[in-house]
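Peer 1: Below: one structure in structure tokens.
The values are calculated or read from the model by the stated rules, or taken from the named source; none is laboratory data. Predicted model only: the values in this text are computed from it and were never measured. Because the Cβ atoms are built from the backbone with ideal geometry, glycine has one as well, and the counts that use them run over all protein chains shown. Just the protein is used for accessible areas: all its heavy atoms, side chains included, with ligands, DNA and RNA removed. Shrake-Rupley method; radii C 1.70, N 1.55, O 1.52, S 1.80 Å.
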Amino acid sequence: MILTVTLLTSCVKLLLIPSYRSTDFEVHRNWLALTHSLPVDKWYYEETSEWTLDYPPFFGWFEYLMSFVAAYFDKNMLKVHNTGYSSEMTVLFQRLSVIVSDFVYFYGVHKVCEGLPKGWKKEVVLPILLVTNCGLMMVDHIHFQYNGIMYGIMLLSIAAMWKENYKWAAFWFSFLLNMKHIYIYLAPAYFIYLLKHYCFSKSSQAKTLVSKIQLNHLLGLGAIVIGVFAVSFVPFVYHIPQVLSRLFPFKRGLCHAYWAPNVWAIYNTFDKGLSLILPKFGIQLSQNNSTLSITRGLVQEFTHSVLPTIRPSTTMALTVLFIVPLMGKLFVLKKDPLNFLRCLVLSGLTSFLFGWHVHEKAILMIIIPLCILSVLNQRDAKIFLMLATIGHYSLFPLLFPVSLIFVKILLLILYTSYAFYVEYKIHLASACRYSLPLLNIAESLYLLGLTLVFFYENVIHKLSGLDSKLPFLPLMLTSFYCSLGVVYCWARYYFQLLHDG
């Protein structure tokens with residue numbers, strides 16, 4: 001089934017080669033050029049293009065290796081000063097490179113499915129849900145990125161954890177962090193689970209914990225993690241501050257160009273609303289253009305007009321505040337990969353909700369591992385159905401050309417319909433002839449409300465003439481509405497885990 005679905009989805013991806021592509025296309029073309037043309041010690045200093053290299057070293061080496069194949073398509077794409085270059089052969093190569101690198105993802109799906117009990121959930125449902133993920137299709141094969149290969153590495157790590165191959169789990173996760181550092185969102189769950197179930201002996205009690213540490217296991221894991229990071233960063237040992245300044249650019253501001261559906265989108269919406277309403281009651285606000293910038297797609301620092309301005313330290317404090325109870329719970333829970341996966345999902349989701357400069361595409365980091373849980377447990381399936389529907393819809397603004405409206409609608413409807421159908425078949429249909437839906441009425445109405453948001457954005461807003469007066473409103477409405485759903489899913493899942501375990 002994995003092979004069949006892989007081939008079919010690859011054919012769909014081939015059809016999308018000529019479709020719209022975002023500025024990320026030029027980002028990665030530039031990274032191909034600079035890694036191919038410049039010595040290693042210049043990679044993180046090059047700034048001919050505004051799209052400077054800001055991923056960890058392993059991804060730079062990935063681009064470097066691809067550049068030798070790219071040379072057979074069009075050598076001009078490998079010239080650093082050819083900014084904005086996009087010949088037909090360049091487009092063909094970059095699109096094909098994403099399609100080919102996705103086979104790492106398919107292999108990751110295969111390894112995860114190997115660890116599940118035999119049956120149609122493992123052999124049919126999960127492969128289809130993972131391989132045909134519509135968010136990955138939209139982000140990688142239309143918008144343009146290389147998320148597939150990195151989620152493949154993540155799945156390899158999860159599969160190793162599932163099989164208790166803890167050294168391989170640590171290796172693949174360390175490798176992943178050196179491909180894209182945003183996966184540090186998931187690190188707390190890895191650290192606690194490996195510490196408890198690999199580095200401490202089973203007989204450890206709270207009062208004798210220190211004496212029960214299995215030193216050889218602890219040192220072995222430490223050697224793997226340090227070794228991976230050493231291989232990654234040693235070529236840049238004299239340039240570490242410069243590399244870190246690229247990887248953690250705090251001056252980019254609280255939110256990305258399009259607000260990710262998290263608590264800061266809600267916060268920004270209230271701030272924007274107050275800045276428009278208060279002057280009507282005679283309350284004068286200080287004039288600044290920064291509030292406007294957060295609704296125009298610019299990425300920079302800004303201050304809020306009415307509410308207190310959020311700083312990186314605030315986001316860090318809130319993230320840690322909500323992750324610590326999760327990790328405490330994970331430490332006392334019994335050894336079970338399901339517990340690990342749930343805390344992995346919640347660790348990522350908590351960082352997504354409260355983090356600094358979160359990308360909207362990071363929602364896939366939560367949806368993909370939650371998909372595995374959804375075929376195994378009914379309560380996980382409920383959260384998955386809501387979060388997948390909301391999260392995938394929240395990616396719509398990335399594909400803003402009118403010509404893509406029917407493509408993104410079709411992708412979402414097909415995937416969501418299949419997800420609802422199979423989750424019902426797995427968890428409810430066999431239990432009772434007249435089973436209730438997985439979601440309650442309020443949850444169902446909320447998801448149906450996405451159609452009203454879509455209709456307003458694409459029809460009412462334009463016909464009403466507000467497009468010129470309030471151009472930011474559709475994006476803000478989408479972010480705000482989706483944020484409410486994501487926060488609800490997080491709160492329900494979070495307290496469910498802390499209460500039940």
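Peer 1: Where the second residue is open to solvent by less than 70 Å² (accessible area, probe 1.4 Å) and modelled with pLDDT of 90 or more and the first is closer than 24 Å to LEU477 by Cβ and outside any helix (DSSP H, G or I) and lies in region 430-451, which pairs have Cβ atoms under 8 Å and are six or more apart or on separate chains?
Peer 2: These pairs meet every condition: LEU439/LYS382; LEU439/LEU385; LEU439/MET386; LEU439/LEU447.
Peer 1: Does LEU78 meet the test of being over 22 Å from PHE103 (Cα atoms), crowded, with 16+ Cβ neighbours inside 10 Å, of a type outside the set (Phe, Trp, Tyr) and touching a His at 6+ places or on another chain (Cβ under 7 Å)? Let's see the steps before the verdict.
Peer 2: Details: over 22 Å from PHE103 (Cα atoms): yes; crowded, with 16+ Cβ neighbours inside 10 Å: yes; of a type outside the set (Phe, Trp, Tyr): yes; touching a His at 6+ places or on another chain (Cβ under 7 Å): yes.
For LEU78, the condition - over 22 Å from PHE103 (Cα atoms), crowded, with 16+ Cβ neighbours inside 10 Å, of a type outside the set (Phe, Trp, Tyr) and touching a His at 6+ places or on another chain (Cβ under 7 Å) - is met.
Peer 1: Now for a separate question. Quick one: which residue in ALA189, ALA230 is closer than 30 Å to CYS482 by Cβ, at pLDDT 95 or above and of a type outside the set (Ser, Thr, Tyr)?
Peer 2: Numbers: ALA230 fails: closer than 30 Å to CYS482 by Cβ.
On inspection, the qualifying residue turns out to be ALA189.
Peer 1: Considering region 1-23 alone, what residues qualify as being farther than 27 Å from VAL112 by Cβ and open to solvent by less than 60 Å² (accessible area, probe 1.4 Å)?
Peer 2: ILE17, SER19, TYR20, SER22
Peer 1: Let me ask you something else. Would you point out the residue of region 244-277, among those that are of a type in the set (A, V, I, L, M) and touching a residue at least 60 places away in the same chain (Cβ under 8 Å), that is surrounded by the fewest Cβ atoms within 10 Å (Cβ to Cβ)? Write out each step before concluding.
Peer 2: Step one: filter region 244-277 for residues of a type in the set (A, V, I, L, M), giving 244, 247, 254, 257, 260, 263, 265-266, 274, 276-277.
This time we only want the ones that are touching a residue at least 60 places away in the same chain (Cβ under 8 Å), so: 247, 254, 260, 263, 265-266.
Working: LEU247: 16, LEU254: 24, ALA260: 24, VAL263: 20, ALA265: 28, ILE266: 19.
Only one residue fits best here, namely LEU247.
Peer 1: Enumerate the pairs (first residue in region 117-131 and under 16 Å from ALA381 (Cα atoms); second residue anywhere and open to solvent by 50 Å² or more (accessible area, probe 1.4 Å) and of a type in the set (Phe, Trp, Tyr)) with beta-carbon separation below 8 Å, excluding pairs fewer than 6 apart on the same chain, so at least 6 apart or on different chains.
Peer 2: So the pair list comes out as ILE128/TYR418; LEU129/TYR418.
Peer 1: Identify the single condition in (1) touching a residue at least 40 places away in the same chain (Cβ under 8 Å); (2) in contact with a Leu (Cβ under 8 Å, 6 or more places away or on another chain); (3) open to solvent by 10 Å² or more (accessible area, probe 1.4 Å) that PHE340 does not satisfy, given that it satisfies every other one.
Peer 2: Condition not satisfied by PHE340: (3).
Peer 1: Within region 475-501, take every residue that is without any contact (Cβ under 8 Å) to a residue 60 or more places away in the chain and either touching a His at 6+ places or on another chain (Cβ under 8 Å) or open to solvent by 50 Å² or more (accessible area, probe 1.4 Å) (or both) and give me the one that is farthest from ARG342 (Cα to Cα).
Peer 2: LEU477
Peer 1: Look at HIS461 and say whether it is in a helix (DSSP H, G or I), touching a Gly at 6+ places or on another chain (Cβ under 8 Å) and surrounded by 15 or more Cβ atoms within 10 Å (Cβ to Cβ). So that I can check it myself, show each step before the final result.
Peer 2: Details: in a helix (DSSP H, G or I): yes; touching a Gly at 6+ places or on another chain (Cβ under 8 Å): no; surrounded by 15 or more Cβ atoms within 10 Å (Cβ to Cβ): yes.
No.
Peer 1: Taking only region 152-179 into account, find how many residues are part of a loop (DSSP other than H, G, I, E, B) and surrounded by 20 or more Cβ atoms within 10 Å (Cβ to Cβ). First the steps, then the outcome.
Peer 2: Step one: list which residues in region 152-179 are part of a loop (DSSP other than H, G, I, E, B), which gives 163-165, 178-179.
This time we only want the ones that are surrounded by 20 or more Cβ atoms within 10 Å (Cβ to Cβ), so: 178-179.
Looking only at that region, the number is 2.
Residues are listed down the side, and each one gets a yes or a no for (1) at pLDDT below 95; (2) under 24 Å from ASP336 (Cα atoms):
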residue	(1), (2)
VAL98	no, no
VAL104	no, no
GLY108	no, yes
LEU116	yes, yes
HIS141	no, no
ASN147	no, no
TRP162	yes, yes
TYR166	no, yes
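Peer 1: Kindly evaluate VAL225 against the criterion of being at pLDDT 95 or above, aliphatic (A, V, I, L, M) and open to solvent by less than 50 Å² (accessible area, probe 1.4 Å). If you could, list the steps in order and put the result at the bottom.
Peer 2: Details: at pLDDT 95 or above: yes; aliphatic (A, V, I, L, M): yes; open to solvent by less than 50 Å² (accessible area, probe 1.4 Å): no.
When the stated conditions are applied, VAL225 does not pass them.
Peer 1: Inside region 102-135, can you point out the residues that are among the polar types (S, T, N, Q) and open to solvent by 10 Å² or more (accessible area, probe 1.4 Å)? Please lay out each step first, then the result.
Peer 2: The initial filter retains those residues of region 102-135 that are among the polar types (S, T, N, Q), namely 132-133.
The answer is THR132, and nothing else.
Peer 1: Still on this model: Which one of these is β-branched (Val, Ile, Thr), in a loop (DSSP other than H, G, I, E, B), surrounded by fewer than 20 Cβ atoms within 10 Å (Cβ to Cβ) and in contact with a Ser or Thr (Cβ under 6 Å, 6 or more places away or on another chain): THR52, THR48, THR83? Can you show your working first?
Peer 2: Values: THR52 fails: in contact with a Ser or Thr (Cβ under 6 Å, 6 or more places away or on another chain); THR48 fails: in contact with a Ser or Thr (Cβ under 6 Å, 6 or more places away or on another chain).
Checking each option against the conditions leaves just THR83.
Peer 1: Sort through LYS329, LYS335, LYS382 and tell me the only one that's open to solvent by 40 Å² or more (accessible area, probe 1.4 Å), of a type outside the set (A, V, I, L, M, F, W, C) and in contact with a Gly (Cβ under 7 Å, 6 or more places away or on another chain). Before the answer, list the steps.
Peer 2: Details: LYS335 fails: in contact with a Gly (Cβ under 7 Å, 6 or more places away or on another chain); LYS382 fails: in contact with a Gly (Cβ under 7 Å, 6 or more places away or on another chain).
Residue meeting the stated conditions: LYS329.
Peer 1: Looking at the structure I just gave you, is ILE426 at pLDDT 95 or above and open to solvent by 10 Å² or more (accessible area, probe 1.4 Å)?
Peer 2: Details: at pLDDT 95 or above: no; open to solvent by 10 Å² or more (accessible area, probe 1.4 Å): yes.
Considered against the rule, which asks whether it is at pLDDT 95 or above and open to solvent by 10 Å² or more (accessible area, probe 1.4 Å), ILE426 comes out as no.
Peer 1: To continue, here is another question. Do any helices (runs of 4 or more DSSP H) lying entirely in region 241-344 carry at least 2 residues that are in contact with an Asp or Glu (Cβ under 8 Å, 6 or more places away or on another chain) and at pLDDT below 85, and which ones are they?
Peer 2: Values: elements: 263-277, 290-293, 312-332.
In region 241-344, the matching helices (runs of 4 or more DSSP H) lie at 290-293.
To keep it simple, each residue is scored yes or no on (1) under 28 Å from SER19 (Cβ atoms); (2) touching a His at 6+ places or on another chain (Cβ under 9 Å); (3) assigned to a helix (DSSP H, G or I).
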| position | (1), (2), (3) |
| --- | --- |
| ILE363 | yes, yes, yes |
| ILE367 | yes, yes, yes |
| PHE406 | yes, no, yes |
| TYR415 | yes, yes, yes |
| TYR421 | yes, no, yes |
| TYR424 | no, no, yes |
